[in-house]
Amino acid sequence: MRNTEFELLNYFFNENVIVTELKLSSENDGKILWVKINSATREVEELTFLSSKSERVNDNDIFVRTFESAELRSDKFFAKFQHNQEGQILMVSELEQVPQIVLDKIEEYLSSNH
């Protein structure tokens, strides 16, 4: 198992799901990954990123990321994550507040898959 260095760029969460945006180390060409973690099972799923854009809604900037089978719409405080048939309201977290157990799970996933 090898170590895969990453930088956490975005972290969205609620009691059911965690969605993160990661930038892999320059040794991996600085590739950007989006990862979904099921909070109950700790199952990790990589999301296939398709596109991003921003929209202005009621004087608020909304960032829209589109994936295969998913969409994430966020502002500075909250996000709406639609994946397959389920929708979730997520909170946006300061990166310094991400629990170590989540960082460890991401590291474990990356070491096995990248």
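Laboratory data are not the source of any read-out in this text; all were calculated from the coordinates shown. All figures in this text were calculated on a predicted structure; none of them were measured in a lab. Don't worry about glycine lacking a Cβ; one is built from the backbone with ideal geometry, like all the others, and counts go over all protein chains shown.
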Q | Per-region count, the stretch 40-69, residues under 14 Å from the mean Cα position of the chain (by Cα), of a type in the set (D, E, K, R) and either part of a strand (DSSP E or B) or farther than 18 Å from VAL17 by Cβ (or both) | A | 3
Q | Scan of the stretch 72-114 for residues that are of a type in the set (A, V, I, L, M) and closer than 27 Å to ILE62 by Cβ, ordered by number | A | LEU72, ALA79, ILE89, LEU90, MET91, VAL92, LEU95, VAL98, VAL102, ILE106
**Q.** Out of LEU90, LEU95, LEU72, sole residue that is within 18 Å of LEU24 (Cα to Cα) and either under 15 Å from the mean Cα position of the chain (by Cα) or loosely packed, with under 10 Cβ neighbours inside 10 Å (or both)
**A.** LEU95
